[in-house]
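*Asks:* The structure under discussion is supplied below as structure tokens; questions concerning it will follow.
The values are calculated or read from the model by the stated rules, or taken from the named source; none is laboratory data. Note that the structure is predicted; figures quoted are calculated from it, not measured. Note that each Cβ is placed from the backbone with ideal geometry, even for glycine, and that neighbours are counted across all protein chains shown. SASA here: full protein model, heavy atoms, side chains in, ligands and nucleic acids out. Shrake-Rupley method; radii C 1.70, N 1.55, O 1.52, S 1.80 Å.
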Amino acid sequence: MDIQPITTYTGKIVPLLNDNIDTDQIIPKSHLKRIIKSGFGPFAFDEWRYLADGSDNPDFNPNKPQYAGASILITGDNFGCGSSREHAAWALKDYGFNIIIAGSFSDIFYINCTKNGMLPIVLDEDARNYLATQKEITVDLPKQTVFTNDKTFSFSIDETWKNKLVNGLDDIAITLQYEELIEKYEKMR
């Protein structure tokens, strides 16, 4: 999965305002048989997304035509709770989400998002309810704002995660920034 920089990002939203959406609901354990990070998108929210016959559930917001192509998920409190499986972040990224706005996140899920090039944003309920009524919103990560035509909301993010996301860096890319020093050390050994 290639990490793309996030600076100023405009995208369609889809609201899924449930609280306590856990990693089992994001990606059921029955779909964890893959050994690579990609290919999990079709299984994201599997039990909510599809009917028993395998067809799309028309009542599930991400399946509704007005939300087709959404890349910003607006959700409730305690998103990504449950197990620490990184597959949940992989599934959401592979589904097409680049930004998740929630009331709060599980700590491990939050870190898994940042490690996989997704921006997790914490905003209060009033802000999320307002943003859920919009078709499209813009996020300015360097300025740490989410805005529409008529409102702006500020959010906090640790400088380490912000730097990684703005520059499209994962842990390997950061390590490779020190390649010359690593090679020098290896030669010395």
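*Asks:* Once you have a ≥ b ≥ c as the square roots of the Cα gyration tensor eigenvalues for the chain, tell me rounded if a/c is under 1.5, and otherwise prolate or oblate according to whether a/b is larger than b/c.
*Replies:* oblate
*Asks:* Straight-line reach only, C-alpha to C-alpha below 21 angstrom: list the lysines that K184 could link to, leaving out same-chain residues fewer than 8 apart.
*Replies:* Straight-distance partners of K184: none at all.
*Asks:* Give the calculated FRET efficiency between D126 and E47 to the nearest 0.05, with a Förster radius of 25 Å applied to their Cβ-Cβ distance.
*Replies:* Result of the calculation: an efficiency of 0.25.
*Asks:* About its Cα centre, what dipole magnitude does the chain give when the only charges are +1 on Lys and Arg Cβ and -1 on Asp and Glu Cβ, stated in debye to the nearest 20?
*Replies:* It comes to approximately 420 debye.
*Asks:* Take the alpha carbon gyration tensor of the range 122-189, find the square roots of its eigenvalues, order them as a ≥ b ≥ c, and report rounded if a/c is under 1.5; if not, report prolate when a/b exceeds b/c, else oblate.
*Replies:* In terms of gyration-tensor shape, prolate.
*Asks:* May I pose another question? Work out the FRET efficiency for D107 and S55 from their Cβ-Cβ distance, taking R0 = 35 Å, and round it to the nearest 0.05.
*Replies:* Plugging the Cβ-Cβ distance into 1/(1 + (r/R0)^6) gives 0.45.
*Asks:* Using mean Cβ contacts within 10 Å as the protection proxy, how do 165-177, 132-144, 95-107, 114-126 order, highest first?
*Replies:* The most tightly packed comes first, giving 95-107, 114-126, 132-144, 165-177.
*Asks:* Which percent of the accessible area of the chain is formed by carbon and sulfur heavy atoms (probe 1.4 angstrom)?
*Replies:* Percent of accessible area from carbon and sulfur atoms in the chain: 49.
*Asks:* Further, regarding this structure: Can you tell me which lysines have their Cα less than 22 Å from the Cα of K29? Leave out same-chain residues fewer than eight positions away.
*Replies:* Answer for K29, where 22 Å is the Cα cut-off: K37, K93, K115, listed by chain and number.
*Asks:* Using helices alone, what [θ] at 222 nm do you get for the chain, with -39,500 (n - 2.57) per DSSP H run of 4 or more residues, divided over all residues and rounded to the nearest 500?
*Replies:* Calculated from helices alone, the mean residue ellipticity at 222 nm is -8000 deg cm²/dmol.
*Asks:* Just to confirm, what accessible area per residue do you get for the chain at 1.4 Å probe, in whole Å²?
*Replies:* Accessible surface, normalised per residue, equals 53 Å².
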